[in-house]
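This report refers to the structure that appears directly beneath it.
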Amino acid sequence: MNILIKSATIIDPKSEFHNSTQDVLIKNGVITEIADGIKNTLNFKEIKLDNLHISQGWFDSSVSFGEPGYEDRETILNGLKTAACSGFTAVALNANSDPIIDSNADITFVNSKSNNNAVSLLPIGALTVDSKGEYLAELYDMRTAGAVAFYDYKKPISNPNLMKIALQYASNFNGLVCSFPQENKIVGNGVMNENITSTRLGLKGIPALAEELQISRDLFLLEYTGGKLHIPTISTAKSVALIKAAKQKKLDVTCSVALHNIFYTDEVLTEFDTSYKVLPPLRTKTDVEALIDGLKDGTIDMVTTDHNPINIEGKKIEFDHADYGSIGLESAFGILQNIFTTKKTIDILTKGKVRFGTEQTPINIGNKANITLFNPDTKYVFSKKHIISKSKNAIFENETLKGHVYGIISNNKTVLNS
């Protein structure tokens with residue numbers, strides 16, 4: 001792949017060309033020259049786009065693609081296409097398929113489906129067999145096959161001894177254990193945040209306490225074991241405080257927040273729209289503000305779209321019975337830019353790679369090209385025509401987004417939106 005990118009503003013603090021507008025010459029997937037006004041003497045393919053900006057490739061730490069078993073929701077190949085067109089050069093794939101990804105063979109299968117793709121697929125293996133929370137899965141065998149972490153997607157580990165053993169065992173090979181922050185005995189039959197809105201709507205609530213108890217337990221276990229823990233999709237102000245205190249103790253813990261949890265509050269549920277039924281649930285304005293502050297001060301390590309395609313039968317039913325989840329890859333950049341500056345948005349989208357086993361690749365001469373191309377200044381209303389996913393359960397439908405993704409250059413391949 002030989003490409004000449006013309007007049008691109010580089011947003012990459014790790015690059016010596018940060019904040020400058022340059023031409024970038026890429027030969028066989030490697031950046032060979034960065035300068036002003038490079039002449040195309042070798043007749044490379046040129047990329048010249050309106051208000052073009054480039055950054056290191058973006059990363060999402062939690063996506064679900066359905067395959068194997070739920071191909072009607074999404075396939076791996078179409079999921080990777082969605083990620084590429086949304087600006088992501090790497091995504092971590094959850095194990096919530098059918099069968100659950102809990103063995104060496106399962107990890108090998110997932111990797112085989114993503115061979116020679118522009119987007120790097122980083123498989124997450126299940127933490128327990130069949131994600132049932134009873135016995136540890138084949139963690140080391142999955143690690144040797146390429147698993148980057150271990151997580152029973154949206155299923156908390158209720159047995160504290162099992163979590164203790166997982167942290168201890170995985171630490172032998174520097175494995176990353178993920179623990180969904182929810183105590184199910186507190187949740188009961190709750191379907192949304194427990195607050196004045198749930199009372200007004202007559203819906204059973206999920207208290208913030210359910211999340212905070214589980215996080216407190218896991219942080220105590222982490223302190224005891226000295227393992228390596230990631231807490232996905234936190235949603236409350238106290239959760240931020242708990243993790244901040246743990247980091248001050250130098251515990252090896254990271255966390256993420258789902259994009260919708262820093263954009264919406266539970267008040268959007270007044271029409272019982274199941275598009276907004278997510279887990280953890282949308283919380284209060286106080287929680288949203290604390291989550292945003294946590295991102296700004298570094299307590300929260302990354303934002304995930306928590307991209308989870310659900311077919312129409314799982315959403316177009318009564319709120320109590322609807323499935324949790326939303327797609328989010330296609331709208332991620334535009335929503336983040338509604339909250340943060342472009343530079344902070346790019347910082348958020350490029351964080352988390354190292355935690356999940358992928359090295360950063362600054363835009364410097366001699367490095368492999370791992371680049372996202374975008375225009376930060378356009379505005380448009382997000383609608384179904386912008387959805388590439390097979391499933392259309394988009395929580396951000398009808399929102400005004402800021403910025404347009406042109407595509408990616410990664411793994412010696414180029415994907416550009418038409």
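Determine, yes or no, whether residue 92 is touching a residue at least 12 places away in the same chain (Cβ under 8 Å) and outside any helix (DSSP H, G or I). If you could, list the steps in order and put the result at the bottom.
Details: touching a residue at least 12 places away in the same chain (Cβ under 8 Å): yes; outside any helix (DSSP H, G or I): yes.
In short, yes.
The residues of region 269-308 that are out of contact with any helix residue (DSSP H, G or I) (no Cβ under 8 Å at 6 or more places or on another chain) and in contact (Cβ under 8 Å) with a residue 60 or more places away in the chain, listed by number, are 275, 279, 308. Taking region 296-324 as the search range and keeping residues that are surrounded by 23 or more Cβ atoms within 10 Å (Cβ to Cβ) and not polar (S, T, N, Q), which one is farthest from residue 248 (Cα to Cα)? The qualifying residue farthest from residue 248 (Cα to Cα) is 310.
Scanning region 143-187 for residues that are outside any loop (DSSP other than H, G, I, E, B), within 19 Å of residue 217 (Cβ to Cβ), open to solvent by 30 Å² or more (accessible area, probe 1.4 Å) and not aromatic (Phe, Trp, Tyr) gives 160, 161, 164, 165, 168, 171, 184, 185, 186. Listed by position, the strands (runs of 3 or more DSSP E) contained in region 1-46 that have at least 1 residues being open to solvent by 30 Å² or more (accessible area, probe 1.4 Å), hydroxyl-bearing (Ser, Thr, Tyr) and touching a Leu at 6+ places or on another chain (Cβ under 6 Å) are 30-35.
Collect the residues in region 211-231 that are assigned to a helix (DSSP H, G or I) and open to solvent by less than 10 Å² (accessible area, probe 1.4 Å), keeping them in residue-number order. Please lay out each step first, then the result.
Here is the first cut: in region 211-231, the residues assigned to a helix (DSSP H, G or I) are 211-225.
Hits for region 211-231 are 211, 214, 215, 218, 222.
Among the residues making up region 49-75, those that are crowded, with 23+ Cβ neighbours inside 10 Å, farther than 15 Å from residue 411 by Cβ and touching a strand residue (DSSP E or B) at 6+ places or on another chain (Cβ under 9 Å) are 54, 55, 60, 61, 62, 63, 64, 65, 74.
I'm trying to understand the selection: among the residues of region 76-89, which are open to solvent by less than 40 Å² (accessible area, probe 1.4 Å) and either more than 28 Å from residue 377 (Cα to Cα) or part of a loop (DSSP other than H, G, I, E, B) (or both)? Even if it seems obvious, please write down each step before you answer.
Going residue by residue through region 76-89, those that are open to solvent by less than 40 Å² (accessible area, probe 1.4 Å) are 76, 78-80, 82-89.
Within region 76-89, 76, 86, 87 meet the criteria.
Applying the set (1) β-branched (Val, Ile, Thr); (2) out of contact with any Ser or Thr (no Cβ under 7 Å at 6 or more places or on another chain); (3) part of a loop (DSSP other than H, G, I, E, B) to residue 409 leaves exactly one unmet item: (3). Applying the condition of being more than 13 Å from the chain's Cα centre (by Cα), in contact (Cβ under 8 Å) with a residue 60 or more places away in the chain and under 26 Å from residue 231 (Cβ atoms) to region 348-365 and asking which residue is surrounded by the most Cβ atoms within 10 Å (Cβ to Cβ) yields 358. Evaluated against (1) free of Cβ contacts under 8 Å to residues at least 12 places away in the same chain; (2) touching a Ser or Thr at 6+ places or on another chain (Cβ under 6 Å); (3) not polar (S, T, N, Q), residue 71 falls short on exactly one condition, (2). Within region 113-132, being over 25 Å from residue 77 (Cβ atoms) and open to solvent by 20 Å² or more (accessible area, probe 1.4 Å) holds for 129, 130, 132.
Here 291, 295, 279 are screened, and the one residue that is at pLDDT 95 or above, in a loop (DSSP other than H, G, I, E, B) and more than 23 Å from residue 385 (Cβ to Cβ) is 279. Looking at region 328-338, is at least one residue modelled with pLDDT of 95 or more, out of contact with any strand residue (DSSP E or B) (no Cβ under 8 Å at 6 or more places or on another chain), buried (at least 16 other Cβ atoms within 10 Å of the Cβ) and part of a helix (DSSP H, G or I)? Taking every residue of region 328-338 in turn, none turns out to be modelled with pLDDT of 95 or more, out of contact with any strand residue (DSSP E or B) (no Cβ under 8 Å at 6 or more places or on another chain), buried (at least 16 other Cβ atoms within 10 Å of the Cβ) and part of a helix (DSSP H, G or I). Of the residues making up region 99-151, those that are under 20 Å from residue 178 (Cα atoms) and among the small types (Gly, Ala, Ser) are 103, 125, 126, 131, 133, 137, 145, 146, 147, 149. When residue 251 is tested against the conditions (1) free of Cβ contacts under 8 Å to residues at least 40 places away in the same chain; (2) in contact with a Lys or Arg (Cβ under 6 Å, 6 or more places away or on another chain); (3) among the aliphatic types (A, V, I, L, M), the lone failure is (2). Criterion applied to 109, 150 was being within 29 Å of residue 411 (Cα to Cα), among the aromatic types (Phe, Trp, Tyr) and touching a Cys at 6+ places or on another chain (Cβ under 9 Å), and the one residue passing it is 150.
Please go through region 87-101 and give me each residue that is charged (D, E, K, R) and either touching a Cys at 6+ places or on another chain (Cβ under 6 Å) or closer than 17 Å to residue 146 by Cβ (or both), ordered by number. If you could, list the steps in order and put the result at the bottom.
Filtering region 87-101 for residues charged (D, E, K, R) gives 98.
Passing the criteria: none in range.
The values are calculated or read from the model by the stated rules, or taken from the named source; none is laboratory data. Note that the structure is a prediction, hence the values are computed from the model and not measured. Cβ atoms come from the backbone with ideal geometry, glycine included; neighbour counts cover every protein chain shown. Accessible surface is based on the protein model in full, side chains and every heavy atom, while ligands, DNA and RNA are left aside. Shrake-Rupley method; radii C 1.70, N 1.55, O 1.52, S 1.80 Å.
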